[in-house]
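Novice: Dropping the structure in here first, questions after.
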Amino acid sequence: MMNIQGQRQLQGKLFITANLKLITGMHIGANSDFAPIGAVDSPFIRDCLTHEPIIPGSSLKGKIRTLLAKSRCKNLILNNIDDDDEVISRLFGSAGKKGACFARLQFFDLFLTSKSVEVFKNLDTDTYIGEIKWENTIARLTGSANPRQIERVPAGAEFEFKLVYNIEDEEQIDEDMKILAQGFQLLQMDYLGGHGSRGYGRVKFSDFKVKAINKKIDADEYEYFFEGKCS
């Protein structure tokens, strides 16, 4: 039976919003098992209702956590998730052998801004708010080519970023926000989605807003901190 660590009193919440802009085309893959003949080999994930591209909150959370874990790793190789830094575990949660720890961060799926939808739906793109990039691999032994199509969200698309932080210890807010801002900074120097080594998935955060809920603290100071790390 899993050992669940004692939960702390919920003292309030911070609601963090920002703008996430694609500097280069991004691909976060969707299931193509039942694609019709002639369809894109590797489509990106879309909202099932609007068919607009989305960024799953799980993709963003996992990427930022991994980057932070790598940067704070005490060994030459990445630690097992059970050995993650204490701050990372309390921010992103843990279900390791040492006991379950509930995450203080709550990520949301990212949807296109209304402005981006209006701009891209009026453009002559390869697919609805999407572009097709041809990739090719060459078999070294035979020299045969294996061309394939990858669907990307075009550069310039902007998404609405939302995040909730549970305040459980007021004295730890500064430390938690510093680590979170570092995660945003690392992501901007890395990539989101697949094929990043070929230039896909470069992103930029901007226009951070932080609002305190059920807690009388000066949330404005964190806006400047995030902007300083991500500008």
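Novice: For Thr137 and Gln9 in one chain, what is 0.36 nm times their gap in residues minus the Cα-Cα distance, to one decimal in nm?
Specialist: Contour length minus Cα-Cα distance gives 40.7 nm.
Novice: Test of understanding: what is the full-extension gain from Asp174 to Val117, defined as 0.36 nm times their sequence separation minus their Cα-Cα distance?
Specialist: On the way: separation 57, 0.36 × 57 = 20.52 nm, distance 3.58 nm.
Once the chain is fully extended between Asp174 and Val117, it gains 16.9 nm.
Novice: Points 7 angstrom from Cα along the Cβ direction at Thr17 and Gln149: gap in nanometres?
Specialist: With each label point 7 Å from Cα toward Cβ, the separation is 3.7 nm.
Novice: Going down the list Lys74/Lys162; Lys21/Lys61; Lys21/Lys115; Lys21/Lys121; Lys13/Lys162, which pairs span over 21 Å between their C-alpha atoms? Before the final figure, lay out each step's value.
Specialist: Working: Lys74/Lys162 31 Å; Lys21/Lys61 17 Å; Lys21/Lys115 12 Å; Lys21/Lys121 17 Å; Lys13/Lys162 13 Å.
Where the Cα-Cα span goes over 21 Å, the pairs concerned are Lys74/Lys162.
Novice: Rounded to the nearest angstrom and ordered from largest down, what semi-axes does the equivalent ellipsoid of the stretch 104-208 get from its C-alpha gyration tensor (root of 5λ)?
Specialist: Ellipsoid semi-axes (Å, largest first): 35, 21, 10.
Novice: Continuing with the same structure: Would you mind computing Rg(Cα) / (2.2 N^0.38 Å) for the stretch 12-230, counting N as its residues?
Specialist: The value comes to 1.14.
Readers should treat all values here as calculations from the given coordinates under stated rules, not as data from a laboratory. Everything quoted here is computed from the prediction, not taken from an experiment. Methodologically, a virtual Cβ is constructed for each residue, glycine included, from the backbone with ideal geometry; neighbour enumeration extends over all protein chains shown.
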